[in-house]
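**Student:** My questions will all concern the structure given below.
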Amino acid sequence: MSSSTIQPFPVAGTPVDEVVRDLDARRSGDVRWAEGRTFGLVFDGGPEVRQVAEEAARLFLHENALNTSAFPSLGEIQTELCAWTADLLHGPPEAAGFLTSGGTESILCAVEAARERAAVERGVVDPEIVLARSAHAAFHKAAHLFGLRTRVVPVTDDWTADVDAVADAVGPSTALVVASAPQYPQGVVDPVAEMAGLADSVGANCHVDACMGGFVLPFATDEDPDAWGSPPWDLGVNGVTSISADVHKLGYAPKGVSILLHRSRELRRYQTFVFDDWLGGRYATPNLQGTRSGLPMAAAWAVVRHLGRDGYRRLVRATLEAADRIRAGVRAIDGLSVPGDPRHHLLSITADPAADVPVSIPALGEALAARHWHLDRQGPPDGLHLTVSAGNVPTVNEWLADLSDAVVEARERGNIDPADDGSYATLE
Ligand SMILES: Cc1ncc(COP(=O)(O)O)c(C=O)c1O
């Protein structure tokens, strides 16, 4: 058998209905997000939210936001989404932002902007990012791509960034301090005010990664400040210079859109790239893309407009009630634990080392996968990750029942070799 990865390029065309049938058939092995069986990856706001997104997507499928003079509609969409989000996240009147293609791109742009500011305003030639071990891997990607050094600090027993260690790490070379609201692995919110103060003390940026929390935490506080509130974490905190909030996660928009806000237009300037010394004329881009699809921008605008504060509050309440039930259910099972005290929609499940009969996390993951539940692996510590969203709400009872069965099965199988390397993203 040939080992070539090359296949003949299709010669004859294929009729539309056959192409669509073929594509649809390929989805048969995909995770069943529409049935609420994935905890992460896809965030489903329900049939009306899908409808408004799909109609907006059809209208803007071919539009290109590379040039918002040619498509002023997309310029307005970007401006309004940023302005609405700045209001939600307590931005000052001068706050300004751009849309990006997702959390990673927002983070890359925030890091690049921090590096530029440190170089221009403070002459920093060897810039550093101070970040906790819990901060998203995209910050390491940014450091790698843009030539910054990382100063990684530990987390404390509650899994939040260790402020004393941040204080020790911050210095003249600091370009950026990263705080998360919440961080992905355990779902807890970092001490943002303290971290932002430390960044400010050396004139560095402080970016709050609210990719997961930006469209949850504000509504959670409105709904039940005692149960679901958090200490101040957004642009209302002095020293926070930028923040990322992903509309394509808990904003319930389809994939391809995040919002990166800066405290002021001056700070936002460090994010943009302008060049006119080639033969093609002036070239200016606000993020890493050139050609930029209008589809996710318009779909995100439509979803936010459709839901409004009231719609988000409704979805957040249902989601956080479900997450609370899930946490209680997991903690009630001998052998499992939920690290830290996450109050919102993210949590992880780890094995309780003190249990009489330990539960193997890879075996548990496989037993749940056999029941058609998708949870990403994470670690250390070895665990299963849940980002709970509105689509999971109707399935909580079934999931908890399957979890109990899966634990029994995992105990019977004992420790197994993981079927994969525990990563939650792959290259194929
Ligand atoms: C806290 C946090 N930040 C950033 C990201 C990266 O976002 P994206 O996958 O949209 O690039 C994620 C993804 O899960 C995340 O959880």
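**Student:** So, in the stretch 329-351, exactly how many residues are open to solvent by 60 Å² or more (accessible area, probe 1.4 Å) and farther than 19 Å from residue 222 by Cα?
**Tutor:** Result for the stretch 329-351: 4.
**Student:** To continue, here is another question. Does residue 298 qualify as being farther than 24 Å from residue 180 by Cβ, assigned to a helix (DSSP H, G or I) and of a type in the set (A, V, I, L, M)? Show your work before the answer.
**Tutor:** Numbers: farther than 24 Å from residue 180 by Cβ: yes; assigned to a helix (DSSP H, G or I): yes; of a type in the set (A, V, I, L, M): yes.
Yes; evaluated as a whole, the condition is true for this residue.
**Student:** For the stretch 102-130, how many residues are farther than 20 Å from residue 263 by Cα and touching a residue at least 24 places away in the same chain (Cβ under 8 Å)?
**Tutor:** So the count comes out to 4.
**Student:** Mind listing whichever residues of the stretch 77-123 are part of a helix (DSSP H, G or I), open to solvent by less than 50 Å² (accessible area, probe 1.4 Å) and either within 20 Å of residue 217 (Cα to Cα) or not assigned by TED's automatic domain parsing to the domain that holds residue 220 (or both)?
**Tutor:** Selection gives 81, 82, 85, 86, 88, 103, 106, 107.
**Student:** Could you figure out which of (1) in a strand (DSSP E or B); (2) within 13 Å of the ligand (Cβ to nearest atom); (3) open to solvent by 10 Å² or more (accessible area, probe 1.4 Å) isn't true of residue 274?
**Tutor:** Of (1) in a strand (DSSP E or B); (2) within 13 Å of the ligand (Cβ to nearest atom); (3) open to solvent by 10 Å² or more (accessible area, probe 1.4 Å), only one is false for residue 274: (2).
**Student:** Scan (1) touching a residue at least 12 places away in the same chain (Cβ under 8 Å); (2) closer than 28 Å to residue 315 by Cα for the single condition residue 66 breaks and write down its number.
**Tutor:** Every listed condition holds for residue 66 apart from (2).
**Student:** Being touching a Phe, Trp or Tyr at 6+ places or on another chain (Cβ under 8 Å) and either of a type in the set (Val, Ile, Thr) or more than 30 Å from residue 193 (Cβ to Cβ) (or both) is the filter here, so list the residues in the stretch 74-94 that pass it.
**Tutor:** Answer for the stretch 74-94, where residues must be touching a Phe, Trp or Tyr at 6+ places or on another chain (Cβ under 8 Å) and either of a type in the set (Val, Ile, Thr) or more than 30 Å from residue 193 (Cβ to Cβ) (or both): 74, 77.
**Student:** I'd like to verify a number: residues in the stretch 82-96 that are more than 16 Å from the ligand (Cβ to nearest atom) and in contact with a Leu (Cβ under 8 Å, 6 or more places away or on another chain), how many?
**Tutor:** Pass one, the stretch 82-96, residues more than 16 Å from the ligand (Cβ to nearest atom): 82-84, 86-88, 90-96.
Checking the rest, the ones that are also in contact with a Leu (Cβ under 8 Å, 6 or more places away or on another chain) come to 82, 86, 90-92, 95-96.
Number of matching residues: 7.
**Student:** Within the stretch 218-235, count every residue that is touching a Gly at 6+ places or on another chain (Cβ under 8 Å) and either surrounded by fewer than 15 Cβ atoms within 10 Å (Cβ to Cβ) or in a helix (DSSP H, G or I) (or both).
**Tutor:** Residues in the stretch 218-235 being touching a Gly at 6+ places or on another chain (Cβ under 8 Å) and either surrounded by fewer than 15 Cβ atoms within 10 Å (Cβ to Cβ) or in a helix (DSSP H, G or I) (or both): 2 in total.
**Student:** Return yes when residue 261 is open to solvent by less than 20 Å² (accessible area, probe 1.4 Å), under 29 Å from residue 60 (Cα atoms) and in contact with a Ser or Thr (Cβ under 8 Å, 6 or more places away or on another chain) and no when it is not.
**Tutor:** Details: open to solvent by less than 20 Å² (accessible area, probe 1.4 Å): yes; under 29 Å from residue 60 (Cα atoms): yes; in contact with a Ser or Thr (Cβ under 8 Å, 6 or more places away or on another chain): yes.
In short, yes.
**Student:** Additional query: Have a look at 133, 149 and point out the one that is farther than 25 Å from residue 43 by Cα and away from the ligand (no atom under 16 Å from the Cβ).
**Tutor:** Criteria check complete, one pass: 149.
**Student:** Only residues that are open to solvent by less than 50 Å² (accessible area, probe 1.4 Å), under 20 Å from residue 202 (Cβ atoms) and of a type in the set (A, V, I, L, M, F, W, C): list them for the stretch 124-156, please.
**Tutor:** 124, 129, 130, 131, 132, 135, 139, 142, 143, 146, 148, 153
**Student:** In the list 347, 336, which residue meets the criterion of being touching a strand residue (DSSP E or B) at 6+ places or on another chain (Cβ under 7 Å), within 16 Å of the ligand (Cβ to nearest atom) and either at pLDDT below 95 or not polar (S, T, N, Q) (or both)?
**Tutor:** After applying the criteria, what remains is 347.
**Student:** Moving on. Check 220, 179, 193 and return the single one that is outside the structural domain of residue 386 (by TED's automatic domain parsing), in contact with a Phe, Trp or Tyr (Cβ under 9 Å, 6 or more places away or on another chain), aliphatic (A, V, I, L, M) and closer than 24 Å to residue 317 by Cα. Write out each step before concluding.
**Tutor:** Numbers: 179 fails: closer than 24 Å to residue 317 by Cα; 193 fails: closer than 24 Å to residue 317 by Cα.
Sole residue among the options that is outside the structural domain of residue 386 (by TED's automatic domain parsing), in contact with a Phe, Trp or Tyr (Cβ under 9 Å, 6 or more places away or on another chain), aliphatic (A, V, I, L, M) and closer than 24 Å to residue 317 by Cα: 220.
**Student:** Then there is this: Being within 12 Å of the ligand (Cβ to nearest atom) and crowded, with 18+ Cβ neighbours inside 10 Å narrows it down to one of 177, 188, 170, so name that one.
**Tutor:** Exactly one residue qualifies, and that residue is 188.
The values are calculated or read from the model by the stated rules, or taken from the named source; none is laboratory data. Note that the structure is predicted; figures quoted are calculated from it, not measured. All Cβ positions, glycine included, derive from the backbone under ideal geometry; neighbour counts span all protein chains shown. SASA here: full protein model, heavy atoms, side chains in, ligands and nucleic acids out. Shrake-Rupley method; radii C 1.70, N 1.55, O 1.52, S 1.80 Å.
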